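Asker: Pasting a structure here, questions to come.
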Amino acid sequence: QVQLVESGGGLVQPGGSLRLSCVASGNIFSIVAMGWYRQVPGKQRELVARIRSGGSPNYADSVKGRFTISRDNAKNVVYLQMNSLKPEDTAVYYCHVLQFGIDHWGKGTLVTVSS
């Protein structure tokens, strides 16, 4: 079993920055991909950014140029640096890991962009 714990969410003004972190623990071998999704009430969860083992990251069009995903394999941590935040980035952000074809999710961290 993989456990994922997110941190770093909060309230930020438009144009501000936040960095989310997700620590993976448990049976964390053979992870194929780590990433971040987000969800607002009444809408489907959507991919924000994802990075595959040995691969390049990919981003949702809405965050390209503003968000950066990175991964520290030694610490089993994935980060999401969010810059130039907009009110429409407000959502619960979930850490995601794909392992052996199984999706693992964190409990989520709330990001609110508001003045």
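Asker: Over segment 76-115, average the accessible area per residue using a 1.4 Å probe and give it in Å², no decimals.
Answerer: Heavy-atom accessible area per residue stands at 46 Å².
Asker: Express in whole angstrom the spacing between the alpha-carbon centres of segment 58-115 and segment 1-54.
Answerer: 4
Asker: At 1.4 Å probe size, with the rest of the protein present, what percent of the exposed accessible area of the chain is carbon and sulfur atoms?
Answerer: On the chain, the fraction of accessible area on carbon and sulfur atoms equals 50 percent.
Asker: Let me ask something else. List the residues whose amide H sits under 5 Å from the amide H of Gly16, counting only those 5 or more places along or on another chain, with H placed 1.01 Å from N in the peptide plane.
Answerer: For Gly16, the qualifying residues are Leu85.
Asker: Counting only pairs 8 or more residues apart or on different chains, how many lysine pairs in the chain have their Cα atoms under 21 Å apart?
Answerer: Lysine pair count for the chain: 5.
The values are calculated or read from the model by the stated rules, or taken from the named source; none is laboratory data. Source: prediction; values computed, not measured. Heads up: the accessible areas ignore ligands, DNA and RNA and are worked out on the full protein's heavy atoms, side chains in. Shrake-Rupley method; radii C 1.70, N 1.55, O 1.52, S 1.80 Å.
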